[in-house]
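The values are calculated or read from the model by the stated rules, or taken from the named source; none is laboratory data. Bear in mind that the values here come from a model prediction, so they are computed numbers and not experimental data. Cβ sites come from the backbone with ideal geometry, for glycine too, and all protein chains shown count toward neighbours. We work out accessible area using only protein heavy atoms, side chains counted, and drop any ligands, DNA or RNA first. Shrake-Rupley method; radii C 1.70, N 1.55, O 1.52, S 1.80 Å.
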Amino acid sequence: MRVLREDWFYAERLIEDGAAFLLSPLMVLSFKAIGYVGVALFYMPLRMFNESHRRFLELQKAQRMIIHTERMAAKGEMAAEIGHELRNQLAAISGRAQLILKEGEGGGASSGPKRHAEIILEQSRRMEALSKGLMDFSRAELTIERVNVNALIQRSIEFVRTQNRFDGIEWEVRLAERLPELRADPGQVQQVLLNLFINAADAIQEKGAAGRRAIIVTSEPDERARQVRVTVRDTGTGIVASNLARIFEPHFTTKREGHGFGLSTSYRIITNHGGRITVDSPPGQGATFTIALPLHGPGGWS
């Protein structure tokens, strides 16, 4: 059903098939009138129109990708500048808050200096998390190594599964055997995996105790495209259809305390590797993120 829905049941395909069906009698008439020459004269313009339309659609898609890439690059440069300035300010704020907190240790829990210092320290930590997200988003340098994707997935799961947000969540891991190694930056790819795992856990916790609480992780090779695909699916609340188009934009978040750079950073990392990250969220079925990474690495790395 998915193949039929994505490859056959869409307007352009139905219109094309309908046109071919309706024009068939005219081709028969052309054949009866002047033979195979009529068929050629009938078929060639249709072929030209079809090829022109296909190239026009490809050009539109490429144009949208270029605009999106330029916009993300501009936002990345802006993020680097803001993140740098934030870090400089935070060093002074955090240091002074710690001094006030230390001097006020003799007072009660509600004493003025101590309470003010606690607030300053809490806000500075939030700003530090924001600046880290900005700096991660703008980072473009890659340290390319041979990566065993299955081992990286297993290490990432072991790293997060003991955290409180993953309590009561079932892990279903289906990793392909003999998955080929790829060339990538293991640290940055792991950052993407950790971010997807944390988002999945948060979505499940938001859903509550109803229904199955699980994170499903799979890996599989795509020999034809020379890629490795990794999917992370959760049984959480899912993503509202109106948010799907903006989910990878910087500073877009639906979390109360989120900074909105997790998925945008993940998108940038995967794009820098020459891969793709997509999301699918049917109503009431959670969210599925699919990562496709080329075996040869970014830009045909050798």
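Taking 0.36 nm per intervening residue step and subtracting the Cα-Cα distance, what contour gain separates Leu194 from Asn50 on full extension?
47.4 nm
Averaged per residue, what accessible area in Å² does segment 159-302 show with a 1.4 Å probe, protein chains only?
Working: 7400 Å² over 144 residues.
On a per-residue basis, segment 159-302 sits at 51 Å².
Which one of His296, Ala184, Gly274 has its Cα pushed farthest toward the positive end of the charge dipole of segment 151-302, where Lys and Arg give +1 and Asp and Glu give -1 at the Cβ?
Looking along the dipole axis, the top candidate is Gly274.
Applying a 10 Å radius around every beta-carbon, put 263-272, 31-40, 147-156 in order of their mean neighbour count, most first. Working shown, then result.
Details: 263-272: 22.5, 31-40: 11.9, 147-156: 17.5.
Result, highest mean first: 263-272, 147-156, 31-40.
If I compute solvent accessible area with a 1.4 Å probe over the protein chains, what percent of it on segment 191-297 is carbon and sulfur?
Within segment 191-297, the accessible surface is 49 percent carbon and sulfur.
Could the peptides 201-207, 55-61 be put in order, highest first, of the mean number of other beta-carbon atoms found within 10 Å of their residues? List each step's numbers first, then the result.
Values: 201-207: 18.9, 55-61: 10.1.
Peptide ranking by packing, descending: 201-207, 55-61.
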